[in-house]
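Only one structure is covered here, and it is reproduced in the block below.
The values are calculated or read from the model by the stated rules, or taken from the named source; none is laboratory data. Being a predicted model, the structure only gives us computed values, none of them experimental. Neighbour counts are summed over all protein chains in view; Cβ atoms, including those assigned to glycine, are modelled from backbone coordinates with ideal geometry. Calculation scope for accessible area: heavy atoms of the full protein, side chains included, ligands and nucleic acids excluded. Shrake-Rupley method; radii C 1.70, N 1.55, O 1.52, S 1.80 Å.
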Amino acid sequence: MAHPIAPNSWHRNREGLGIWEGRGKVVATGVGTSPTARRWDERPETSLGALTIIAIRKAIEDAGISPDEIDGIVLTPESTTGVSNDPMSPAPEGFDQVFKMVDFPQAGITRGDIDWILLNMPELKNVEFKMNGPVCMSVALTTAAEAVSRGLTKTCLVVRGWHNLAGRYYVGQGAAALNTSSGPGKYGGIWGMPACATTAMIFEEYCNKYGKSHEMMAPFVVEERRNGLMNPDGFYTQHRPEMITVDDYLSGRWIAKPANIYDNDLPIQAALAVIFTTPELAAHHAQKPVYILNHAQTRPELQGVTPTLAEWEASSDKMGRMLYEGAGIGPEDLSFEQMYDGFTLFHQFHLEGLRFASRGEKRGYALDLYQTDISIEGPNPVSPSGGNSGNGRTRWWHHRDCILQLQGRSPSQIKRKAEYGVSGAHMPNFCDALIWGAGPD
Amino acid sequence: MPRYRNGTQPVPFPTPVTQPFWDGTKQHKLLLQKCSACAHVFYYARTHCPACLAKEFEWVEASGRGTLYSYTVCRRAQSPDFAEDTPYILAAVTLEEGPRMSSLLVDADPENVPIGGPVRVVWDDDVSADLAMPYFTPA
Ligand SMILES: [Zn+2]
């Protein structure tokens, strides 16, 4: 069933707004992560819905609170960027024996749904605030931050699960499912553009402009896998615990050159739940509160169908300025950087927009930074969670790890003191991001 | 005429807004919209000018010349419809008139594609009875 989304006025999408009104009034405490799987095997107990329930129960347990205390939920209903079933297609046999069903059968299978969760989690009996954070967990997180800061919910679950059906990820829906092409697909789909093609094109232009090369990505991608393999909840740790080397990366097969197989993240099944609350209530939670100091949003202002390097740079620069303005900190305050990486080739646009570890450089320096010590042991930890690249496609490992880093309990804990972090997703010109702090200031 | 498609790919389905563009392709005319209020030239087809939001515009024929903004060599097709064509070169072309458009770069060496180099439009008529597909080739 449709629940409201945040009004546009909640999103901080322009400069000049000053310090965020909610700064220091919202904290994250408990974190719960489900097991991962490459694809759904069609058993009810491994479904998207089952994983979501596991994640929520773990988050509540992690926070050391009673389910009675949960009075709000913000959920990202979309559970893939690839193939979904029609919402009304029937559930596999046996699903309705295990779970209570809502008015559309794909709830808990290829769609997240607040009503489905509440129906199947009777212990959540005090949830009054229900809102969807569409498309990306980043939106759910910024929405929940506003909701708590505005007093609309006091203890709020923020939830996003992912399904991955058998078969090829993108084939069978949208333009690819039609023998004629209409809508936006008419301009992109008819050329046969794989998902990474736009990013590959802009990366190519970036290399052309700044004299960089795809090989310079290798240390970053290898480091991300190393960080990911420290995470017991990550897909690679659980299912493919093998380190990759620079040579593996350099010999990876091209998907859309210069994007190779390692530059594309691996679709998986997984769910995450996080608990947001007020600093006052967090006093009795079992985990150290991590403060949300600001959030911001960018959206495309495209003049053409294909974005350009200039647009991506302008948009991510604006994101950096908005985040710092509202949080009252600067790039030099960041203890680590965890912007989105799925595709790996656009991570540096985010990083440079934030001027992370810049020594005065504005643009074109990130691939040089990747040649220095970007490990969790070093002075400039880049993507300490390992991100999508090191853990599988969720668009939330980096958010999760900001909380864990600032609580001092990340499986890939940085060596330097963790005081401020940043995470956001997804595209450089279509992004929702947050600044996190170990304290309220 | 050359064929650049294997015949399995999706065929564009014109809408009322895009119909003039696709009608133009049949006559090998690459049509763009030009705002009557501010003279902004734009692609893809829209109901109003993205620069000033005016709703009056005329269709103007592009020269078909441009430069390669960037490209990617696709070796794993987006869908089985395109599988026979790999490797193919996806291109972003900056037209002489200003707008950028996505297309394919055809009759070019995937190992040697110059960003910023000149390109010109070529047409594939073997698509449907109603339209032709604009591709680009090094000029
Ligand atoms: Zn105009």
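In segment A:261-281, the count of residues that are assigned to a strand (DSSP E or B), within 23 Å of B:L90 (Cα to Cα) and either within 14 Å of another protein chain (Cβ to nearest Cβ) or at pLDDT below 95 (or both) is zero.
Listed residues B:V93, B:V122; which is in contact (Cβ under 8 Å) with a residue 12 or more places away in the chain, of a type outside the set (D, E, K, R) and within 11 Å of chain A (Cβ to nearest Cβ)?
Every option except B:V93 fails the conditions.
Checked against (1) without any contact (Cβ under 8 Å) to a residue 60 or more places away in the chain; (2) under 27 Å from B:D126 (Cβ atoms); (3) open to solvent by less than 40 Å² (accessible area, probe 1.4 Å), B:P12 meets all criteria but (1). Within segment B:79-97, the set of residues being under 20 Å from B:G117 (Cα atoms) and open to solvent by less than 50 Å² (accessible area, probe 1.4 Å) comprises B:Y88, B:I89, B:L90, B:A91, B:A92, B:V93, B:T94, B:L95. Residues that are open to solvent by 10 Å² or more (accessible area, probe 1.4 Å) and not in a loop (DSSP other than H, G, I, E, B) within segment A:38-49 comprise A:P44, A:E45, A:T46, listed in sequence order. Scanning segment A:92-102 for residues that are farther than 23 Å from A:P134 by Cβ and open to solvent by less than 60 Å² (accessible area, probe 1.4 Å) yields A:P92, A:G94, A:F95, A:F99.
Set side by side, the residues B:H40, B:H28 differ, and just one is surrounded by fewer than 20 Cβ atoms within 10 Å (Cβ to Cβ), within 11 Å of the ligand (Cβ to nearest atom) and either within 13 Å of chain A (Cβ to nearest Cβ) or within 21 Å of B:R5 (Cα to Cα) (or both), which is B:H40.
Of A:A286, A:A273, all but one fail to be over 23 Å from A:H347 (Cα atoms) and open to solvent by less than 10 Å² (accessible area, probe 1.4 Å); the exception is A:A273. Within segment B:20-41, residues that are free of Cβ contacts under 8 Å to residues at least 60 places away in the same chain and among the polar types (S, T, N, Q) sit with their Cβ atoms under 6 Å from residues that are open to solvent by 70 Å² or more (accessible area, probe 1.4 Å) and more than 8 Å from the ligand (Cβ to nearest atom), at 6+ positions apart or across chains, in these pairs: B:S36/B:E56.
In this structure, is A:G112 under 21 Å from A:H399 (Cα atoms) and not assigned by TED's automatic domain parsing to the domain that holds A:F430? Break it down stepwise before answering.
Details: under 21 Å from A:H399 (Cα atoms): yes; not assigned by TED's automatic domain parsing to the domain that holds A:F430: yes.
Considered against the rule, which asks whether it is under 21 Å from A:H399 (Cα atoms) and not assigned by TED's automatic domain parsing to the domain that holds A:F430, A:G112 comes out as yes.
For A:E61, the test of being at pLDDT below 95, open to solvent by 10 Å² or more (accessible area, probe 1.4 Å) and over 17 Å from the mean Cα position of the chain (by Cα) is failed. I'm checking my understanding of the structure. Among residues of segment B:44-71 that are within 14 Å of the ligand (Cβ to nearest atom) and open to solvent by less than 60 Å² (accessible area, probe 1.4 Å), which one is nearest to the other protein chains (Cβ to nearest Cβ)? Step by step, filter segment B:44-71, then rank; the result is B:P50.
Residues considered: A:P77, A:P35, A:P87, A:P105. Of these, the only one that is in contact with a Phe, Trp or Tyr (Cβ under 7 Å, 6 or more places away or on another chain), in the same structural domain as A:C136 (by TED's automatic domain parsing) and open to solvent by 20 Å² or more (accessible area, probe 1.4 Å) is A:P87.
Screening A:C431 on (1) open to solvent by 50 Å² or more (accessible area, probe 1.4 Å); (2) at pLDDT 95 or above shows it passes everything except condition (1). Quick one: in segment A:399-428, of everything that is open to solvent by 30 Å² or more (accessible area, probe 1.4 Å) and not charged (D, E, K, R), which residue is modelled with the lowest pLDDT? Result: A:M427. If you go through segment A:7-32 and keep only what is open to solvent by less than 70 Å² (accessible area, probe 1.4 Å) and under 27 Å from A:A283 (Cβ atoms), you end up with A:W10, A:W20, A:G22, A:R23, A:G24, A:V26, A:V27, A:A28, A:T29, A:G30, A:V31, A:G32. Within segment A:248-260, how many residues are within 14 Å of chain B (Cβ to nearest Cβ) and either open to solvent by less than 20 Å² (accessible area, probe 1.4 Å) or acidic (D, E) (or both)? Summing the residues that are within 14 Å of chain B (Cβ to nearest Cβ) and either open to solvent by less than 20 Å² (accessible area, probe 1.4 Å) or acidic (D, E) (or both) in segment A:248-260 gives 6. Of the helices (runs of 4 or more DSSP H) lying entirely inside segment A:116-221, those carrying at least 3 residues that are at pLDDT below 95 are A:174-177, A:185-188, A:197-210.
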